[in-house]
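Coordinate-derived values only; no laboratory data. If you're wondering where the values come from, they're calculated on a predicted model, not measured in any experiment. Virtual Cβ from ideal backbone geometry, glycine too; neighbours counted across all protein chains shown.
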Amino acid sequence: MKQTEHKTKRLIIRPLKTSDYRTWLDAHVYGLPRQSKWDRDPYPASECTLKIFKNILQEYKGLAGKDDYYRYGIFQKKTKVLVGLIDFNIYDRSDLQFANYGYRIHNRHWGNGFGSEAAAMGLRIGFKELKLNRLEAAINLDNKKSIKMVKVLGMKKEGIRKKFWYENGKWVDHLIYVALPEDVGLNSQMPFKK
Ligand SMILES: CC(C)(COP(=O)(O)OP(=O)(O)OC[C@H]1O[C@@H](n2cnc3c(N)ncnc32)[C@H](O)[C@@H]1OP(=O)(O)O)[C@@H](O)C(=O)NCCC(=O)NCCS
């Protein structure tokens, strides 16, 4: 599926390219220390070289080419700074057209409403551009900021999926919030095979 550029009031959402290296480096190495259990610490600069960045971009390209996984960077329109990401991990095509929907805002940019602004557009990207019919956010039970955000987006709680994700050496339960095309005024997608 071809990935393109999308705009919201304050943000640009598009795949990363090599020329994003400086802002990517800045986002990953010079962020604030971990602000919560669900945040992460800045990366060492040695893990964020241009060579590594180019390899990562190649990896994303390969995964998107196989229709397995799609990642988009979130950029602030005004400053061109990379403030976060959304991603889609395809669980199934053919019958379900179903993906896990992920999002992250780099901690220096929390509290500006960027997460909900980007993730609302991300739902449309998932349905229209990636032709998905079901987007699921799987959220740790105590990830309050994420739960608050999906509620703002109007995603619907379906329940708790037991021992869904292997994290830090154990299988953990996740809250499942779902969006369907009709929830954002779009038509259902028809099934198709890869
Ligand atoms: C969850 C996460 C994406 C939320 O990012 P965010 O941009 O801060 O979230 P929102 O868009 O919901 O922003 C809402 C906050 O911005 C404030 N805000 C400021 N200006 C705003 C505006 N113009 N519009 C909307 N909200 C605004 C709101 O008051 C609210 O503040 P509060 O959190 O103190 O109540 C972020 O915390 C994150 O990346 N966490 C780590 C990764 C993670 O948990 N990912 C999800 C895994 S399931």
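Using θ = phi - 60° and the Karplus form 6.51 cos²θ - 1.76 cosθ + 1.60, what ³J(HN,Hα) does each residue of the range 73-85 get, whole Hz, x for Gly and Pro?
x, 10, 10, 6, 4, 5, 9, 6, 7, 6, 10, x, 8
Could you sort the peptides 158-165, 169-176 by per-residue average Cβ neighbour count (10 Å cutoff), highest mean leading? Numbers along the way, then the final one.
Working: 158-165: 11.5, 169-176: 13.9.
Ranking the peptides 158-165, 169-176 by packing returns 169-176, 158-165.
Would you please classify the overall shape of the range 114-184 from the alpha carbon gyration tensor, given that a ≥ b ≥ c denote the square roots of the eigenvalues, rounded means a/c under 1.5, and beyond that prolate means a/b larger than b/c while oblate covers the rest?
prolate
Across 10 Å bins from the origin, how do the percents of Cα pairs in the range 143-194 run, short distances first?
Using 10 Å bins, I get a P(r) of 21, 36, 32, 11, 0 for the range 143-194.
Using the Cα atoms of the range 1-138 to build a convex hull, what is its mean projected area in square nanometres?
Working: hull surface 33.0 nm².
Mean projected area of the Cα convex hull: 8.2 nm².
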